[in-house]
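The values are calculated or read from the model by the stated rules, or taken from the named source; none is laboratory data. Being a predicted model, the structure only gives us computed values, none of them experimental. All Cβ positions, even for glycine, are placed from backbone atoms using ideal geometry, and neighbour counts span all protein chains on display. Heavy atoms of the whole protein, side chains included, go into the accessibility calculation; ligands, DNA and RNA do not. Shrake-Rupley method; radii C 1.70, N 1.55, O 1.52, S 1.80 Å.
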Amino acid sequence: MNPVSTLKTFEDIDCEFPKSLQSALELMADEKTRGQPLAGGTDLMVQWESGVIPIPDRAISVKNIPELREIRENGSNVIIGGSVTHMELRQSPIVRRWLPSLAEAAATIGGFQIQIMGTIAGNVANASPAADLAPSLLITDGTVLLASVEGEREVKLTELWTGYRKIDRRPEELIVSFNLPKLLDDYFESWRKLGPRKAQAISKVMGSSRGRISNGVVESFKVALGSVAPTAIRFFELEQWITGKPYSKETLQEAEQRSAALINPISDIRSTAEYRKWVSGKLVRCFLENLAGRSNK
Amino acid sequence: MNMAATTEVRERVKLVGLGVPRLDADEKVRGKAEYADDLNIPGAWHGFVVRSPIPHGRIISLTLDPGYDWTKVVVVTPEDIPGNNIVDMMGRDMPFIAHDEIRYLGEPIALVAAPTRKLARESAAHIHADIEELPPLLSLGELVDQYKKDRSSLHELSAQTIRKGDIDRALREADIVIEGEYRAGHQEQLYIEPQGMAAIPGEDGSIFIHGSMQCPYYINPELCETLDLPAEKIRVKQSAVGGAFGGKEEFPTLLAGYCALLAIKCKRPVKIIFDRHQDILYSTKRHPVWTRYRTGLKKDGTINGMKVDFLLDGGAYTTLSPVVMYRGILHSAMGYRCDNVFVDGHVYRTNTFPNGAFRGFGAPQAIWGLESHIDDLAKACGMAPHEFRLKNALKEGDTTPTGGVLRYSVGSQDVLAKTIEKSRFGEKLQNGSRGNPHEKKWYGIGMSFFAHGAGFTGDGEARIKAKVALDLEQNEEGRPVVNVRVSSTEMGQGTFTILPQIVADALSIDLDYVRCPYPDTLYVPDSGPTVASRTAMVVGNTVHGAAKKMKVQLEEYVSNEIMNAGDVYLADGQFRGPYETGRISFHEAGMRYLENNGPMRVYNQFSLPDYIHWNQKTFEGDAYPAYSWGCNVAEVEIDPLTLELNVLKVTATYDIGKVLNPVLAMGQIQGGLVQALGYAVMEKIEIVDGKFDASRMQTYVIPTTLDIPEFDLDFVEFPYEFANPGAKGVGEIPMDGLAPAIANAVEQAAGVRLRELPMIPENLFAALHETETYKI
Ligand SMILES: Cc1cc2nc3c(=O)[nH]c(=O)nc-3n(C[C@H](O)[C@H](O)[C@H](O)COP(=O)(O)OP(=O)(O)OC[C@H]3O[C@@H](n4cnc5c(N)ncnc54)[C@H](O)[C@@H]3O)c2cc1C
């Protein structure tokens, strides 16, 4: 009944502030010096305080490691360091030009304070199904780069989340960066978040899409939703089905129904299973309608 | 004699009616105000409440872990209570510390205090209760089901009826009978400052309670029996309060009791400061409500009779629930002409935290159902919502459901007419989408009209007889000041500004000569609790009377001791005699008085007009000395794709009597409307496994600035003639009418009526999918 976890306080945490990725990885390599990676702390501090996860003995601050702070173009991809903040994402001309739904999603996270502290790696590694950046990352078919003193490892974003609050990261690894294919010409993205209020809202359902409609035919359509399953998910089956279909009332209707049928959401404090299922179909319809509205048919 | 004959006397501008800045603004903006957790109490230990982990059961034994070092902490169990283990509120059914039956999850089973908060919490984890579990009753839903089936199985905490006319005949003779049921869940006050209290034991066995509270004089009598102390030995002082909304009306007695019991045992000060999570889990909320209406109508829209069931979920103990229910039933058929009204009010026990006071105190719960129902009535006889209300609204000379006569100060017709006109209600009503599948956005407009009884319900004011004092004293700088001595509290609403405005006007002096010190029962008489929108009207009137008395005494003093003249009068801050002999300022006369006589204290006491009659048994007569009136129009937009509800605009007019300070009054209206918006469309908290689910700000969702609609707000002034300067009360009425106005707008927009708060998309989804026309 009485939370025993509160007996330890934040001051009891031994926190390291490594200046380079190499020294951070060295600390992570040894079990004795390893600590919980700490970026903006906007997820961790809430969870520590509420006892959701125990306050650790050690933490490694990754927020100011230079290698984790960059946003740059690399040919047809954009590289985003793990410690890039939501505020940087929403303001970066590169992100806004090439990954517009990621920029839009970042702009809906928390309020300014949270956007200034919270990071992309934190949002991803916290692995909440309600992480607002997840759908926009998923629709790029990009990868995440993980590193340890042993070397680097590239994981597909679509394979990163392995379950509710779980990611494919080894204890000694840190997230270094995200490698995200740019939005191609004549492709468009959409983002929409449904929350209980207009700001400072954890999503009930949210999602992103990327695609192209040309000559009245859906040439490509990638869509991912969050808060409707244990992890944010891509709707691969729907994508396959719809590719090559004419954009029509019937297609929209069926896409809506198929999308809803693909998921089996839960009822929780934020919403009901029935509403989530239904509105997921509506969001997919809305994304297709947006795409059609912007494509030159 | 230094007569200020030469100084130019400017004509004084009246302060009542002006938007003078809050007198407490400076200390709050500069961070100087001391809230409960800021109080520097040397040697204070931290208290912590050990609570039941289950909602219903019987304690078999309580064990202190024998392996734990108990020498560093103090534990209080029922055996340590000096007096009776009873919280002496309206019912005497609640123990301070449970000793036998556990009636809600979180009920105290022991108290601990330790030098640090950490140690207090740690030691609490080493106290174990062996509890035999009993089946709990946890929700309003279960309560209502049971009420409909067989109410004898429910534990009734309180009941009251209103009987006017002959309801059976009225329904029999009606052309149309319309029924409707409405519900709403808990609402959390979510004041900025969580609950906090300290108890400091005195050498002489007395106890000093200092902390965050609305009603200092609730605490002394309610603790006497438990602490086995006479009231004089319990001193209570209010610290700065960061919002209360009713949440600090009766609950602080519990916290004060826990602190006092611990302080007595460990012989040192003890404080308990809740964090937000504890505060939401273990403090009072608005009572969940269920109402059922059966109304008989004539074809022309006349209301023949109204039969109402009004049921509140009281939580585990009686506390203040009876009065909340009284106010609820008194507002459940109020506002419209009707000769036959039957209301049955009930409060039943559930195994949840006792529900309590929250802005509106039963009225918002009642008006939510009533004003939704009124739209259904209008529809049933083919009238527009505003036409039906204009036809039936009470006006001067009409009688209320309890047979009270609306004698004067009745702004009902004006608030209606003005709001309807300003919002262009009739015209915009035509634009309602009514769930049209071809529209990209659904638009709807809806209204509500309501009264709010000003002051205590029933015989409350007659019993309390608010007492106030004014002290003419020297302040620290040696200036003469008038200290307003009332137990009324400032909690952000502006009391400590409007009372000085009234006093300054009555004495015709500048505002910086008048102050409201924090109430301390050592110095202030009992002007009653700061609740029921009563302070501006009742206490305002009583300090006004006190100031008039002080004026007479000062005039006599100046006449006899300074001017040696007959009639001396004080005006524009100057005493003047009958001849042009000169003038003397308030400042100077005050100084002279203080030097020669010491401080001056005048008392005054509130009394109701003779013609106010009330029968507390039968609920007949004048339920309130006066009513404030309001009308709300809400315009909404719904996205048919997601069913997200956007409240676009609220147009509202209020008659709160004389508007003492338009800036503060408008602040009350705006803030109250935002709180009402939260109640209407987003605030949701439920009991899961016996425990409140949305127990953090992360999950308990209140409106942000972005959620606030456009406001078009106005007052019409119908001063309350009996009580100078004529205020009727503004604190609660903004909470009353927004939810039904929005529900009525949603009905116009989506074509379905929502009968449960909050009106979240999930509920609209469920309601729409029950209809024929709307399918997935
Ligand atoms: C008031 C408030 C509002 C919020 N609103 C939203 C919202 O609207 N939408 C939303 O999605 N989220 C929201 N959040 C959650 C949170 O802000 C975001 O998820 C944020 O992106 C987390 O980033 P961080 O840097 O603060 O992570 P931290 O709390 O520092 O870390 C989170 C997790 O990531 C791990 N981690 C961090 N960096 C690395 C790394 N480089 N390598 C490996 N592991 C790493 C940590 O160990 C931890 O497990 C909100 C939080 C608060 C407090």
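If the chain linking A:SER23 and A:ILE94 were pulled fully straight, counting 0.36 nm for each residue of separation and taking away their Cα-Cα distance, it would gain 22.6 nm.
Looking at the range B:55-160, the accessible area is 46 square angstrom per residue; that uses a 1.4 Å probe and ignores ligands, DNA and RNA. Annotation: aspartates and glutamates with alpha-carbon distance below 18 angstrom to B:LYS307 (same-chain offsets under eight excluded): B:ASP166, B:ASP168, B:GLU173, B:ASP175, B:GLU179, B:GLU181, B:ASP339, B:ASP344, B:GLU371, B:ASP375, B:ASP376, B:GLU620. Computed over chain A, the per-residue total of -39500 (n - 2.57) for DSSP H runs of n ≥ 4 gives a 222 nm mean residue ellipticity of -9000 deg cm²/dmol, rounded to 500. Using θ = phi - 60° in the Karplus curve 6.51 cos²θ - 1.76 cosθ + 1.60, the 3J(HN,Hα) couplings for the range B:475-481 round to 8, 4, 8, x, 8, x, 9 Hz; x is entered for Gly and Pro. For chain A, find the longest principal axis of its Cα atoms and tell me its angle to the long axis of helix A:273-294, 0 to 90°, nearest 10. Roughly 70 degrees, rounded to the nearest 10.
Cross-link reach is defined here as a Cα-Cα straight distance under 24 Å, omitting same-chain residues fewer than 8 places apart; for B:LYS441 the lysines meeting it are A:LYS193, A:LYS198, A:LYS204, A:LYS249, A:LYS277, A:LYS282, B:LYS379, B:LYS422, B:LYS428, B:LYS649, B:LYS775.
Sum up the charges of everything whose Cβ sits under 9 Å from the Cβ of B:PRO719, counting Lys and Arg as +1 and Asp and Glu as -1, but leave B:PRO719 out.
On the way: positive: B:LYS658, B:LYS728; negative: B:GLU717, B:GLU721.
With Lys, Arg at +1 and Asp, Glu at -1, the net is 0.
The GluC sites (Glu not before Pro) found in the range A:132-191 that occupy coil by DSSP, while having at most 14 further C-beta atoms within 10 Å, are A:GLU150. Close amide H contacts of A:ALA59 (hydrogens built in the peptide plane, cut-off under 5 Å, sequence separation of 5 or more or a different chain): A:ASP14, A:CYS15, A:GLU16, A:GLN36.
With the cut-off at 1.5 for a/c, could you classify chain B from its C-alpha gyration tensor as rounded, prolate or oblate? In terms of gyration-tensor shape, oblate. Count Lys and Arg as plus one, Asp and Glu as minus one, and take only other residues whose Cβ is under 15 Å from that of B:GLY566; the net charge is then -4. With protein chains left intact and a 1.4 Å probe, residues in the range B:426-577 average 33 Å² of accessible area per residue.
Tell me the Kirkwood hydrodynamic radius of the range A:120-243 in angstroms, computed as one over the mean inverse distance between distinct C-alpha pairs.
Here the Kirkwood hydrodynamic radius works out to 15.3 Å.
Using +1 at the C-beta of Lys and Arg and -1 at the C-beta of Asp and Glu, which of B:PRO354, B:THR318, B:ASN340 has the Cα lying farthest in the positive direction of the dipole of the range B:297-361? Most positive-ward Cα: B:ASN340. The charge dipole of the range A:127-168, taken about the Cα centre with unit charges on the Cβ atoms of Lys, Arg (+1) and Asp, Glu (-1), comes to about 180 debye, rounded to the nearest 20.
For the range A:1-96, trypsin sites (Lys or Arg not before Pro) are listed when DSSP marks them as loop and at most 12 other Cβ atoms sit within 10 Å of their Cβ; the list is A:LYS19, A:LYS32. Available extension along the chain between B:THR771 and B:LYS395 is 131.5 nm, counting 0.36 nm per residue and deducting the alpha carbon span. Long hydrophobic helices in chain B, taken as whole DSSP H segments with a C-alpha length of 24 Å or more on their own axis and mean Kyte-Doolittle hydropathy at least 1.0: B:662-681.
Here the simple spin-label model places points 7 Å from the Cα toward Cβ, and for A:SER267 and B:GLU27 these points are separated by 5.0 nm.
Determine the order of A:LYS182, B:LYS298 by accessible area, beginning with the largest, at a probe radius of 1.4 Å.
Output order, biggest surface exposure first: B:LYS298, A:LYS182.
Put simply, the amide H of B:GLU756, placed in the peptide plane, has neighbours under 5 Å in B:ARG183, leaving out anything fewer than 5 places away on its chain.
With a 1.4 angstrom probe, the accessible area lost at the A-B interface totals about 2900 Å². When the residues B:PHE722, A:PHE112 are ordered by accessible surface, computed with a 1.4 Å probe over the protein chains alone, the sequence from largest down reads A:PHE112, B:PHE722. For the range B:651-776, carbon and sulfur atoms together expose 52% of the accessible surface, with a 1.4 angstrom probe and every protein chain in place.
Excluding same-chain neighbours fewer than eight residues apart, the lysines reachable from B:LYS548 by a Cα-Cα span under 24 Å are B:LYS14, B:LYS465, B:LYS467, B:LYS658, B:LYS728.
Note that the range A:242-255 has calculated 3J(HN,Hα) couplings of 7, 4, x, 7, x, 7, 8, 4, 5, 4, 4, 4, 6, 4 Hz, one per residue in order, obtained from phi through the Karplus relation 6.51 cos²θ - 1.76 cosθ + 1.60 (θ = phi - 60°); glycine and proline are x. Based on C-alpha pairs under 8 angstrom that are at least 6 apart in sequence, chain B has a relative contact order of 16 percent.
Treating r as the C-beta distance of B:GLU173 and B:LYS422 and R0 as 35 Å, the FRET efficiency rounds to 0.40.
Do the sum for chain B: with -39,500 (n - 2.57) for every DSSP H run of n ≥ 4, divided by all residues, what is the mean residue ellipticity at 222 nm, to the nearest 500 deg cm²/dmol? Show your work: numbers first, answer last.
On the way: 19 runs with 206 residues, N = 776.
Helix contribution divided over all residues of chain B: -8000 deg cm²/dmol.
Checking the table B:LYS149/B:LYS248; B:LYS299/B:LYS418; B:LYS149/B:LYS691; A:LYS166/B:LYS285 against a 31 Å threshold on Cα-Cα, which pairs fail? Over 31 Å apart, Cα to Cα: B:LYS149/B:LYS248; A:LYS166/B:LYS285. Annotation: amide H-H contacts under 5 Å for B:TRP45 (H modelled 1.01 Å from N, sequence separation of 5 or more, or interchain): B:VAL270, B:LYS271.
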